[in-house]
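Novice: Once you've had a glance at the structure underneath, I'll fire off some questions.
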Amino acid sequence: MSEQIPLTREQFEAALRAKGDYYHIYHPYQVAMYEGRASKEQIRGWVANRYYYQVNIPMKDAAIMANCPDSKIRQEWVQRILDHDGLPGETGGIEAWLALGEAVGLDRAQLESQELVLPGVRFAVDAYVNFARRATWKEAASSSLTELFAPQIHQSRLDTWPKHYPWIDTRGYDYFRSRLSQARRDVEHGLAITLDHYTTYESQQRMLEILQFKLDVLWTMLDAMTMAYELDRAPYHSVTDQRVWHKGIEL
Ligand SMILES: O=C(O)c1cc(C(=O)O)c2c(n1)C(=O)C(=O)c1cc(C(=O)O)[nH]c1-2
C-alpha cells in the first residue's frame with residue numbers, strides 16, 4: 001500500500017484554519033451573548049463557569065512545560081502562565097476575570113468558590129488539562145491552537161457587549177482587550193511548533209483530530225450552560241433546584 005502524501009506546510013496551515021468553522025463563536029449561546037439576546041443570568045452563568053477555564057489554563061501550561069525538555073520553548077511558554085497569574089504585585093488574567101465577574105454583578109467569593117461551575121463544564125475543562133498532562137508536549141502545545149480564532153471572539157464582545165448590556169461596568173472588559181495581543185502572540189509560537197512538527201500525513205491527521213478535541217471542549221462547555229441557563233435544565237432539575245452537584249474533587 002502506498003503511503004499517503006503529507007500536506008504541504010501551506011495546506012496543513014489551511015486545514016488547521018478551516019477548523020475555525022467549528023469554533024464556539026458559532027455556538028447559539030455565544031451568538032445570543034453578542035447579539036444582545038442573553039439574559040443577566042446567562043451572562044453571569046457564562047462568566048462564573050468560564051472562571052474554571054481561566055484558573056485551569058496556567059495549570060495546563062505548567063503541565064506542558066513539565067513535559068518539555070527544550071529550554072528555549074519553555075522560555076517562551078512561561079509567558080502564558082505569567083499572562084494569567086501575573087507577576088507578584090501585578091494584575092494577571094485571572095484577576096482581570098474576577099474583575100469581569102464583579103462587573104457583571106457576581107460576588108468575588110462566590111466565583112472563587114466555584115459553586116456555580118456546572119459538572120459538564122468541569123469535566124470538559126478537566127479533559128483538556130488531563131490531555132496536556134498525558135500527551136507529548138508538542139501535541140499538548142498544538143492543542144492550544146483554537147486560539148487562532150480567539151481574537152475575533154474577544155473583539156466581538158468588545159464591539160457588542162457595551163451596547164447591548166449597559167448594566168455591565170465597562171471596567172470589566174480589560175480581560176478581553178488584553179487577550180487580543182496575547183492570543184496573537186501565542187498563536188505565532190504555537191503555529192510555528194505545529195507546522196514544524198507534523199510532517200507526515202498520519203501525524204497531520206492526528207493533529208487535526210486533537211484540534212477537534214479542543215473545539216469539542218469549548219463547545220461542550222457551552223452546551224452545559226445552555227442546559228442550565230437557557231433551557232432551565234440544570235443538573236438534577238427534575239428532583240431539586242438546589243445545586244447538589246460536586247464542587248470538584250481534589251486528588
Ligand atoms: O473567550 C474565548 O472564547 C477564549 C477561547 C480560548 C480558546 O480558544 O481556547 C481561550 C481564551 N478565550 C482565553 O482567554 C485564553 O486565555 C486561552 C488560552 C487558551 C489555551 O488553550 O491555552 N485558550 C484560550
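The values are calculated or read from the model by the stated rules, or taken from the named source; none is laboratory data. None of the values given here were measured: they were computed from a predicted structure. Note that each Cβ is placed from the backbone with ideal geometry, even for glycine, and that neighbours are counted across all protein chains shown. These area figures cover heavy atoms from the full protein model, side chains too; ligands, DNA and RNA do not enter into them. Shrake-Rupley method; radii C 1.70, N 1.55, O 1.52, S 1.80 Å.
Novice: Residue by residue through region 204-243, note down the ones that are among the hydroxyl-bearing types (S, T, Y) and either surrounded by 15 or more Cβ atoms within 10 Å (Cβ to Cβ) or touching a strand residue (DSSP E or B) at 6+ places or on another chain (Cβ under 8 Å) (or both).
Specialist: Once the filter is applied, which keeps residues that are among the hydroxyl-bearing types (S, T, Y) and either surrounded by 15 or more Cβ atoms within 10 Å (Cβ to Cβ) or touching a strand residue (DSSP E or B) at 6+ places or on another chain (Cβ under 8 Å) (or both), region 204-243 yields T220, T226, Y229.
Novice: Oh, and also: Tell me, yes or no, whether region 21-35 has at least one residue that is farther than 18 Å from V217 by Cα and open to solvent by 50 Å² or more (accessible area, probe 1.4 Å).
Specialist: Yes, because at least one residue in region 21-35 is farther than 18 Å from V217 by Cα and open to solvent by 50 Å² or more (accessible area, probe 1.4 Å).
Novice: When you scan region 61-77, how many residues do you find that are in a helix (DSSP H, G or I) and exposed (fewer than 14 other Cβ atoms within 10 Å of the Cβ)?
Specialist: Number satisfying all stated conditions: 4.
Novice: For region 78-88, give me each residue that is assigned to a helix (DSSP H, G or I) and in contact with a Gly (Cβ under 6 Å, 6 or more places away or on another chain).
Specialist: D83, H84, D85
Novice: Would it be correct to say that P162 is open to solvent by 10 Å² or more (accessible area, probe 1.4 Å), in a helix (DSSP H, G or I) and more than 27 Å from Y22 (Cβ to Cβ)?
Specialist: Taking the combined requirement at face value, the residue satisfies it.
Novice: From the residues in region 143-182 that are among the β-branched types (V, I, T) and touching a Pro at 6+ places or on another chain (Cβ under 9 Å), which one is nearest to the ligand (Cβ to nearest atom)?
Specialist: Taking the candidates together, the pick is I168.
Novice: Of all the residues that make up region 6-24, how many are part of a helix (DSSP H, G or I) and either more than 28 Å from A224 (Cα to Cα) or in contact with a Cys (Cβ under 7 Å, 6 or more places away or on another chain) (or both)?
Specialist: Of the residues in that region, 7 qualify.
Novice: Still on this structure, please answer the following. Can you find a residue in region 165-174 that is open to solvent by less than 20 Å² (accessible area, probe 1.4 Å), in contact with a helix residue (DSSP H, G or I) (Cβ under 8 Å, 6 or more places away or on another chain) and of a type in the set (D, E, K, R)?
Specialist: Within region 165-174, none of the residues are open to solvent by less than 20 Å² (accessible area, probe 1.4 Å), in contact with a helix residue (DSSP H, G or I) (Cβ under 8 Å, 6 or more places away or on another chain) and of a type in the set (D, E, K, R).
Novice: Continuing with this model, one more query. I want to confirm something. Restricting to region 196-251 and keeping residues that are among the aromatic types (F, W, Y) and outside any helix (DSSP H, G or I), which single residue is farthest from A150 (Cα to Cα)?
Specialist: Y236
Novice: When you check Q114 against the structure, is it within 25 Å of T226 (Cα to Cα) and of a type in the set (S, T, N, Q), yes or no?
Specialist: yes
Novice: In the list S156, S143, S178, which residue meets the criterion of being of a type in the set (G, A, S) and open to solvent by 30 Å² or more (accessible area, probe 1.4 Å)?
Specialist: After applying the criteria, what remains is S178.
Novice: Let me ask you something else. Give the residues of region 89-144 that are part of a helix (DSSP H, G or I), over 20 Å from W219 (Cα atoms) and either of a type in the set (V, I, T) or at pLDDT below 95 (or both), sorted by residue number.
Specialist: Within region 89-144, I94 is the sole residue that qualifies.
Novice: I would also like to ask the following. Could you give every pair whose Cβ atoms fall below 7 Å, whose first residue belongs to region 56-77 and is without any contact (Cβ under 8 Å) to a residue 12 or more places away in the chain, and whose second residue is among the hydrophobic types (A, V, I, L, M, F, W, C) and in a loop (DSSP other than H, G, I, E, B), counting only separations of at least 6 or pairs across chains?
Specialist: Going by the 7 Å Cβ cut-off, the qualifying pairs are R74/C68.
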